Structure formats: C-alpha cells, structure tokens
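Structure first, then comments.
The values are calculated or read from the model by the stated rules, or taken from the named source; none is laboratory data. What you see is a predicted model, and the numbers here were worked out from it, not measured in a lab. Don't worry about glycine lacking a Cβ; one is built from the backbone with ideal geometry, like all the others, and counts go over all protein chains shown. These area figures cover heavy atoms from the full protein model, side chains too; ligands, DNA and RNA do not enter into them. Shrake-Rupley method; radii C 1.70, N 1.55, O 1.52, S 1.80 Å.
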Amino acid sequence: MSEWLTREEALGRLRVRPQTLYAYVSRGRIGMRPDQADPRRSQYRADDIAALATRRARGRSPQAIAESAIAWGEPAIATSISTIVHGRLVYRGEDAATLSATATLEETASLLWATNAGVSFAAQGSPGGQSSRAAAFTSLARLAAEGRPSLGRLPTMLYQDAAGAIGALAAALGAVAGRGAVHERLARGWSVGGAGAGLIRRALVLLADHELNASTFAARVAASTGAPVAACLLAGLVTLSGPRHGGAGEAALNLVEDAERLGADIAVGRWLGHDRPLPGFGHQLYPEGDPRADALLTDIEVDGALSNLRDAVFAATGTRPNIDFALAALTRNLRLPSEAPFRLFALGRSIGWAAHAVEQVTSNGLIRPRARYNGPVKEP
C-alpha cells in the first residue's frame, strides 16, 4: 500500500519550494490526493517523491530528458497561445473559465488567433446532408486534399483557410447552415432551445484550447511539414478520435449508465476492479479539480445519477469531475445525441488546432524527433 506524505514532508525530502512541488504534481510526476483527515489539505505519494529525488540527485542524460518530454514531461514547444498555471487554464493571458461566461467561439478564435478582424464560421451544409463523426472526417479530408500548402503564406490567409474548414466541420457535426454564431446554429441543429444554446456556447469556449495536448501536437507536426491548414485540422481530429482523448466524454456516459443500472458504488468498484480508469474524473494537470468542469457545471442541473456517481468516485478515489464529466452532464441535461461530447470537443478544439498550426508554420521549424532503437542489429 502506498505511503502518503504531507506537504511539509514532501518539501523536506525534495528540498524544493512549494511552487516546484505543485509544478511536479501538475505534470503528473507526483501523485496527489485529498488528506482523508482534512480534505482542505493534500497528501503526496511517497514513492513518486523518492523516485524524483533520486533522479534529481544523480542527474539525467539528454536522452532521458527527451523521452520524458514526450510522456507528460516538460513542454518541448514554446507557445504564446495557452497554458495551465496554478490550476487555471489561460488563453493568451485571459482566464478561460471567466471568458466562457460571455464569449462566443468566434470571439475566442479572435483572441487565440491574435486578430482584430471578426471571425465567422459560415457553412452551406454537411456532405450528403448527414451530420456525424464520419461526415466530419469526410469534410476535412476533402478540403485537405484540395488545400494549398501552408508554407510561405501570411497568417491572415492561413486563418481564412481555417475559418472555412471550421465552418465545414461545424456543419458536418450538426450546425445548421448560415453565418450566425456557431453555437446558436448547433443548438438549432440539435433542436435545443432556451438557455441550452448558452450552455453549448460555454462548452465550446472551454474546449477551444488546452496547451500541448495530443491532438494539438499532431496538428503542429502536420503544420511543421507545410501541410494545408485543413490537413492540420484533420490530423488533430484523427488524434482526438481515440478513447483516451476525445472519446472520454462518451465513456463517461457509459459509466453513468452502469451506475444507474448497478448502483454507483458497485459500478465504480467494478470499473476499478477491472483496472479501468474512471472516465470523467481526475486530470494530471488539475490535481485540485478541473476549472473547465467547474465553470460548465455552474449552470447545469446535475441529475441524481450523475450526482451519486460523483460522490461514489470521490469516496473511492478522491478524484473530482473533469471536463468529460461536465460534457456528459450537459448531454443528459439537454438530451443531446450520445456523440455530442465528441462533437463539441472537436468543434471547440479546432480553434486551438488552427492557432497552433499557424504558430508552427510561422516558426518555420520542422518537428522531427529521433527514436531510440532497441531492436536487433545484424552484423554486416
């Protein structure tokens, strides 16, 4: 059974400042949980601290540093688009949770794209009149095949390409055709009225960017080769489709359905007993709780099943809801399609993919890591 240390004990063993300890936690290097005796305080996993102290003492090779940078390590790419600092998500200096209270996705794009020009995601309609995940891939694939390479072009031109591609993506994901705010068009496509459009707007803004996540890194790799902007967005979408990324919202819906059928405590026990991570809970970058979830859940009436699940998970693991739980709550509250979490994630995050793609193109650098080969070599 793991030993847990108080903050003072952890600081003493590492011989670092509190800010450094919190940075290690946010990057997933040190496990943390609420103190069972006093939930206002935190405890830190002793094994992680011992391993980190050992590495600090003997130093690290450049190869080891490079490998850790690929897997939840220090950021390897400089960016001025977004970051996570002290448990807050920040878009170009603006708190994303605060921004989400009033901003539209179009206004958020203007901020992340660093442009004073108005942004619009107009669209004519989805391929074949269908709105689905498949339609989203089809739309971006067609635009990627027809698009111009991004190298040597001004950012304003690249963002024009991005706006067109995101408009097509919005239509493919369910937004009705037109030039109005995309959250309103998406709400009409889903037959959502009243305050529901505002909840969709807030979710899109909160999902617009999240530092150098897996799908954003994929978009930047594509951009570094000079690929068309639509191809960069497609690279992001392909990566987002994995169950460990954009599929977590739908998995959270499955977990709450299990909780309704079996009871929350039994469902949580079964998932953990089969060594399955609990979708919708915990985040390595937010050990004290995901501010995006807090912001979105502020205006959502969480139903009994979700509430019971939240309490059962906290009692069993000490982890709190993340943005995927909030998307599941939004989906159930507005009676949206089961694919809604993925669709919202893809549409919102496409803004960040575009921002990072353009930033990468203008840096004029190719992303080309080296591999550490550990296979056989035949002698000549």
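Observations on the structure shown:
- Residue 303 paired with residue 20, simple spin-label distance in nm, labels 7 Å along Cα-to-beta-carbon: 4.9
- Förster radius 56 Å - calculated FRET efficiency between residue 177 and residue 374, Cβ distance, rounded to 0.05: 0.60
- Correct choice for semi-axes √(5λ) of the Cα gyration tensor in Å that was computed from the model, options (1) 34, 29, 19; (2) 34, 23, 17; (3) 35, 24, 21: (1)
- Near residue 89, the amide H atoms lying under 5 Å from its own belong to 96, 97; only residues 5 or more places off or on other chains count, and H is placed 1.01 Å from N.
- In order along the stretch 104-109, phi translates into HN-Hα couplings of 8, 5, 5, 5, 5, 5 Hz, rounded to whole numbers, per the Karplus curve 6.51 cos²θ - 1.76 cosθ + 1.60 with θ = phi - 60° and x for Gly and Pro.
- The region of the chain that goes longest without hitting one of the GluC sites (Glu not before Pro) in a DSSP loop, each with at most 12 other Cβ atoms within 10 Å, is 4-300.
- Given charges at beta-carbon only (K, R positive; D, E negative), |dipole| of the chain in Debye: 1020
- Once backbone amide H atoms are built at 1.01 Å from N, residue 282 has 320, 322 as its partners under 5 Å, excluding neighbours fewer than 5 places away on the same chain.
- Signed unit charges on C-beta, dipole axis of the stretch 167-297, positive-most listed residue 182, 255, 219: 182
- Label-point gap, in nm, between residue 95 and residue 257 - each point 7 angstrom along Cα→Cβ: 3.7
- Element breakdown for the stretch 224-371 at a 1.4 angstrom probe: carbon and sulfur atoms account for 48% of the accessible area.
- For the pair residue 154 and residue 40, label points projected 7 Å from Cα toward Cβ lie 5.6 nm apart.
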